[in-house]
Structure formats: C-alpha cells, structure tokens
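What follows is a single structure, and I will ask about it in a moment.
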Amino acid sequence: MQEPLEISNLTTWLDTTLRGIMPSMWVILIECVLVGVALLAAYAVIALILIYAERKITAFFQARYGPNRVGKYGILQSVADMIKILLKEIVKINRVDRFLFFAAPFFMIVASMLTFGAIPFGKGLHAVDFNIGVLYVTAVSSLGIIGVLLAGWSSNNKYSMIGAMRSGAQFVSYELSAGFALMTIVVLAGTMQFSTMIEGQRYCWNLFNGHISSMIAFVLYLISGHAETNRGPFDIPEAESELTAGYHTEYSGLQFGFYYLAEYLNMFIIASIATTVFLGGYMPIQVHGWEGFNQVMTFIPTYVWFFGKTAVLIFLSLWVRWSFPRLRIDQLLNLEWKYLLPINLVNIVVMVIIVLSGLTLTDLFPSLF
Amino acid sequence: MSSISKYFSGLFTGIKSLLVGMSVTWKELWTKKVTQQYPENRDTLVISDRFRAELTMPHDENNEHACTACGICEMNCPNGTITVNFKMVETEDGKKKKVLDTYKWDLGMCTFCNLCVLTCPSDAIKFENTFENAVFTRDKLKQQLNHEGSKMREKKKVERPAAPVAKAPVVSEVKVETPAAEVKPAVVDTEVKAVVPEVEVKPTVVDAEVKVELPIEEAVKADKEIEAESKDETTEK
C-alpha cells in the first residue's frame, strides 16, 4: 500500500499495535467494537450530510437558496435539526399495538444498518466482505419493508395503514426489478463478492463492459432502487397530500427520526450499491498503458472515489425526484409489471448471450480494457 | 395500431418525455435564485408603491396638512382604529370652526383596508409602503399622525369668471344657511338676485363667509364655498 492518504494505513497500524500488546481474541473483540462504532458514526454523519445536501439541491431546483442562516451557507442546519429531533417528546398514542409500534422503527433502522455495513467504502474500508455480497445486500435491504408494514399496522390509523399497504405493494414489486438488474451484472462479473467485482472493473466499469445490456440494467436498477426508497415520483406511501405522512404519521421524536434517517440512508445505500456494481466502486479511473495518469489517479484516496461516484448518483436521484410528478398506484404497478420486469427478463438473457459469445468490451478489445 | 407496436411506441415516447422533463429541471437548476434575502437587501429592496403599511398625513414645507377634522375617516374605519380629536375655534370674523387637534391611529388595530383614504374628502391621509413597523410594546403602535404645531392648509380660492344661471337653483336646493340680514338683494346683481332671496334662513349656523358688499365675482365665490362646506356637514349628519 503506497498511497499515503488511505485510511487502511491507520487501521493496519492499529491492528499491528494491538496484536503486539494483547492476545488475538481481545484484539478481535476490540476491533469489532471499533468497527461498529465507526459504522454507526458514519451512518449518522452521512445522514446529516445527505439531509443538508438534499435540502440545498432541492432549493436550487426550485430557484431558492435553501437553508442559509445556521452557520455559513446553513451547514449547521441539519445538526440543529438533529438536536431538535433528539429532544422532542415521544408521544404515546392511545390504542396502538404498543409492542409492534415501538419495534417497527428498529426493523427499519436495523435493515438499513445491516446493508450499510456490507458496503465497500474504500480499499480496506470494508467491514464484511461476503462471497455472496450482492445476494446479502439484496436480502437484508428488503427487511426494511417489515418495519414499514408493522408501523402502518400497529398505528391503528387508516392513513398509516393505507400508506403501509401501498409501500408493501411498491416494495415487493420493485425489489424484483432491482434484484434482476443486479443479477444481470453478476452474470457479467462472474462473482457476487464486492471486492472481486470491484477488482474486475479496474480498467473497464461493468457499466461499459456489458455495453447495451449493462446500460439497460443500470437504468433499471436506478429506477427500481429509487422506487424502493419511497422517494421522488414513487412516494405514494407517504404522499402527504393524501395520507398526511403515510406509515409514519403517528411517530414522533426519535422514532420518527429513525424513519427519517433510514429514508436518507436507503438513498445512499442504493446509490453506493449502484456505484460498486456498475461504476467500479472505490476503484480510481485507470487506463491501460497510461502509467503517469494511473499514478495520479491512484494518489486520490479510494474513499474519495467511492463517495464522489455515489454523490453523482445521489444527485441524479434528487434530480429525478424534483422533475416528475407522483405516480398513481396503478401507474406505479403498471410501470413495474408491464415494463421494467419484462425488459429486465429479456435483458438478463441478452447479457448471458453477450457473455457466452464473448461480446463484452474486455473480450472484444483486450488491449484497451 | 397493433397492441405490440403501441406498447413499444408508448415505452419510447415515455422515455423521451422523461428526458425532456429532466432537461427542463436541469435548466431550472441554473436559473437565478428568486429568494429575497431580506435584511441584507434593504438597500435594493423594491416594495410596491401601493403596498399599504403605514397611514400617514402628508405635511408640506410650511408644516400644513389638509385635514379638516371632519371625522369621515373615523366613521368609516371598521375597527375603530382612527380617533380624530378636534377643537372648535373662533375665527377673526366671529365664526366657529373645527380645527384638528390630534389625529390618532392605532397600527395594531388596523386591517389596512384603505377605506379611510378612499373616503377622505380632502385627501389629507394616505398609506405609505414603509413596512418595517415592528416594535417591542403595543403602545408604540399608537401613533399621532399630525405633526406638532401643524395647522390646516387654507384652501386656494378658485377663480371663476361668472356665475352661470343654471348653477343658481342648486344653491337654493342645498339650503345654504346664510344669515338673512346680511344678504341685501339690492347689492347683488340681477343674475343672482333670483337666487339669494329664496335662500332659506336658518340663523343657527353661521359658518358662511358671505360678504355682502361685494362685486358679483366675489359673491359667487362665496356661494361656492358655502356650498362646499355645507356638503361636508350634510355628509357628517
């Protein structure tokens, strides 16, 4: 590891020092705690940054300035909001199913936290590198819907109930498309492990490697991932003009904060999985034979590459959100079952043909990519 | 059109319209921000002239206003925001006259309906667009609009060459109260002669400023003034 700015230098140093002074079982225990704390902190900080960025970009799309009073350019606005939400009272609602009502936000936040832990943030900044990483991420991210359904059911409120049911229909539908789009790339990459997948994209991103099929899969993944986050034109579960706030109508204080956090983090998770799978993850841009260029690119730390690519995708998601009007429930399900899913199924077959007949860019131009 | 081609044309027109929509918002992203940053932009702030923020009584350079203390604004105010305090003074020629003492306006009660300005017969008050009216105590919202030591602007005498005949019956209809004793038909010219004797005499009101030994123009002018003032009084009733 020659790169001086990588955080993995720090973690390697920490590991060797700890191993020098105590038995390896204790080292693993301490490191597990440290990783957990770091992930939780990153979770909160990223959520704060995302909330600020979202409010600013939203404002720019509407020809406003957005928050600009708390701190320079309003950068402390989301910190102030966080303090406020932590101090707010958790209102006790009469005649709710108390146990499920309190459990629901935890399902939501745990699901998004589990997914968050499996994301490769940079070289050596990868908490768990499963050999079935893609499958794992798809599986645990869909746990969040239990939180939504439980919240709607236990709130004993018709708006929450309708919101949760809509969310359920939407989530189940679009999870299918998102999974198929990821599977298309698994076919191309030949692996489900994130680290191998990223390494395989050193000279050619999966987005370009599978050309037509990859591009389609990328767009399909972005659309269905966007729909899974209950945002933008797909926000019927919390359509405030019809359902007050949808499934989290009855929640207040920190419990509401959990839903709020999870919503923003899901946006980040979708973008970061798309980055990892399609855009080469934390891998810097490398070109065959341009050694000087490659050297300069590697000097930029990998986590900067990762967050940069993710930020572009998040911006894209916000752009979509503020461009299109909300879909009706039948339009929403039409889009999934009549358009995205058939296209996806055909696309995965096309991808198999491309891979088997050696039509990927790496097969066609081995000297370039 | 077969259903299959309909499906695909629908798909592609859908994608195209989505892209058009995104290009529109992309352009919107770079447009100039419309937000007015208020305390910072006070120097360049433009507030419409017609914005009604504060009732004022314009005074000229001689510290004179146009208010006759008639009280019409006070009567028309739906909220009782305006209080016109007047005093009766006696002019040199022994006539009593209403003079404005204090003109009170309570900003806190005002709904800025503009009825006072619309009904003012002398255009003595108007709404200004100075909108920064926030104060710390409610008492500060109660304002006195006439300046210290100000007085009413005397009306300019309107020049009119001769009294038209058609005008004459109108004067009598209004029942202008002029002291009968002072009116001497012999002095007044023939054209007015028909009018003045018919005037109903009410000795109680002595506001009229008719000077009997006047040439014709002066007399007609006097009539006109009587007419104007009596109009004020009738509205008051």
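The values are calculated or read from the model by the stated rules, or taken from the named source; none is laboratory data. As the structure is a computational prediction, the values presented were derived from the model and not from experiment. So basically every Cβ, Gly included, is an ideal-geometry build from the backbone, and we count neighbours across all protein chains shown. Just so you know, the surface numbers come from the protein's heavy atoms only, side chains and all, with ligands and any DNA or RNA stripped out. Shrake-Rupley method; radii C 1.70, N 1.55, O 1.52, S 1.80 Å.
In segment A:40-76, what residues drop by 40 Å² or more of accessible area when the other protein chains are put back, versus the chain on its own? Use 1.4 Å, and skip ligands and nucleic acids.
A:PHE60, A:PHE61, A:ALA63, A:TYR65, A:ARG69
Order of A:100-110, A:42-52 by packing, highest average Cβ count within 10 Å first? Kindly include the intermediate steps, with their values, before the conclusion.
On the way: A:100-110: 19.8, A:42-52: 17.8.
Packing order, densest peptide first, comes out as A:100-110, A:42-52.
If you don't mind, another one. Looking at chain A, how many pairs of lysines come closer than 24 Å at the Cα, when each pair is eight or more places apart or spans two chains?
Numbers: A:LYS56/A:LYS72; A:LYS56/A:LYS84; A:LYS56/A:LYS309; A:LYS72/A:LYS84; A:LYS84/A:LYS92; A:LYS92/A:LYS158; A:LYS123/A:LYS309.
Taking chain A as the scope, the lysine pair count is 7.
Could you sort A:LYS56, B:LYS126 by accessible area so the largest value comes first, with the probe set to 1.4 Å? Intermediate values should be presented prior to the final figure.
Details: A:LYS56 25, B:LYS126 90 Å².
Largest accessible area first, the residues go B:LYS126, A:LYS56.
Any chance you could look up the accessible area of A:ILE132 with a 1.4 Å probe, heavy atoms only, rounded to 10 Å²?
80
Which value, in debye to the nearest 20, gives the size of the charge dipole of segment B:54-152 about its Cα centre, when Lys and Arg are +1 and Asp and Glu are -1 at the Cβ? Present the calculation step by step, with values, prior to reporting the outcome.
Numbers: 11 positive and 15 negative charges, 81 e Å.
It works out to roughly 400 debye.
A further question on this structure: Under a Cβ-only charge scheme (Lys and Arg +1, Asp and Glu -1), can you give me the dipole magnitude of the protein assembly as shown about the Cα centre, in debye to the nearest 20? Kindly include the intermediate steps, with their values, before the conclusion.
Working: 55 positive and 62 negative charges, 381 e Å.
About 1820 debye.
Whenever you get a sec, compute what percent of the accessible area on chain A sits on carbon and sulfur atoms (1.4 Å probe).
Carbon plus sulfur share of accessible area: 73 percent.
Moving to a separate point now. Tabulate in residue order the Karplus-calculated ³J(HN,Hα) for segment B:119-133, using 6.51 cos²θ - 1.76 cosθ + 1.60 with θ = phi - 60°, rounded to whole Hz; enter x for Gly and Pro.
8, 5, x, 10, 6, 7, 10, 8, 8, 9, 9, 6, 9, 7, 9
Continuing with this model, one more query. In nm, to one decimal, how far is the modelled label at B:THR35 from the one at B:LEU11, with both set 7 Å along Cα→Cβ?
4.3
Looking at B:GLY14, A:LEU14, A:PHE365, which one has the Cα that reaches farthest to the positive end of the dipole of the protein assembly as shown (charges on Cβ: Lys, Arg +1; Asp, Glu -1)?
A:PHE365
Apply the membrane-span-like helix rule to chain A: whole DSSP H runs, Cα extent along the own long axis of at least 20 Å, mean Kyte-Doolittle hydropathy at least 1.0. List the helices found. Could the numbers behind the result be given before it?
Values: long enough: A:7-21 (22 Å, 0.27); A:24-61 (53 Å, 1.91); A:98-117 (29 Å, 1.71); A:158-189 (46 Å, 0.94); A:211-228 (25 Å, 1.09); A:253-278 (37 Å, 1.16); A:302-321 (29 Å, 1.23); A:341-356 (23 Å, 2.73).
TM-like helix candidates: A:24-61, A:98-117, A:211-228, A:253-278, A:302-321, A:341-356.
Under the Kirkwood approximation applied to all pairs of distinct alpha-carbon atoms, what is the hydrodynamic radius of the protein assembly as shown in Å? Let's see the in-between values first.
Numbers: mean 1/r = 0.0314 Å⁻¹.
After inverting the pairwise mean of 1/r, the radius is 31.8 Å.
Accessible area per residue of segment B:54-152 at 1.4 Å probe, in Å²? Before the final figure, lay out the partial values.
On the way: 5800 Å² over 99 residues.
Spelled out: the 1.4 Å probe surface of segment B:54-152, per residue, equals 59 Å².
A further question on this structure: What accessible surface, in Å², does a 1.4 Å probe find on A:VAL140, ignoring ligands, DNA and RNA and rounding to the nearest 10?
Spelled out: A:VAL140, probe radius 1.4 Å, area about 20 Å².
Another question, if that's okay. Protein chains only, probe 1.4 Å: how do B:THR13, A:THR362, B:THR130 rank by accessible area, largest first?
Numbers: B:THR13 90, A:THR362 50, B:THR130 70 Å².
From most accessible down to least: B:THR13, B:THR130, A:THR362.
I need the calculated FRET efficiency for the pair A:LEU254 and A:ARG95, taking r as the beta carbon distance and R₀ as 25 Å, to the nearest 0.05.
On the way: r = 22 Å, r/R0 = 0.86.
Given R0 = 25 Å and the Cβ-Cβ separation, E is 0.70.
Further, regarding this structure: Working with all protein chains in place, sort B:HIS59, B:HIS65 by solvent-accessible area computed with a 1.4 Å probe, largest first.
On the way: B:HIS59 40, B:HIS65 5 Å².
Largest accessible area first, the list is B:HIS59, B:HIS65.
Right, another one. Could you compute how much accessible surface A:TRP205 exposes when probed at 1.4 Å, giving the result in Å² to the nearest 10?
50
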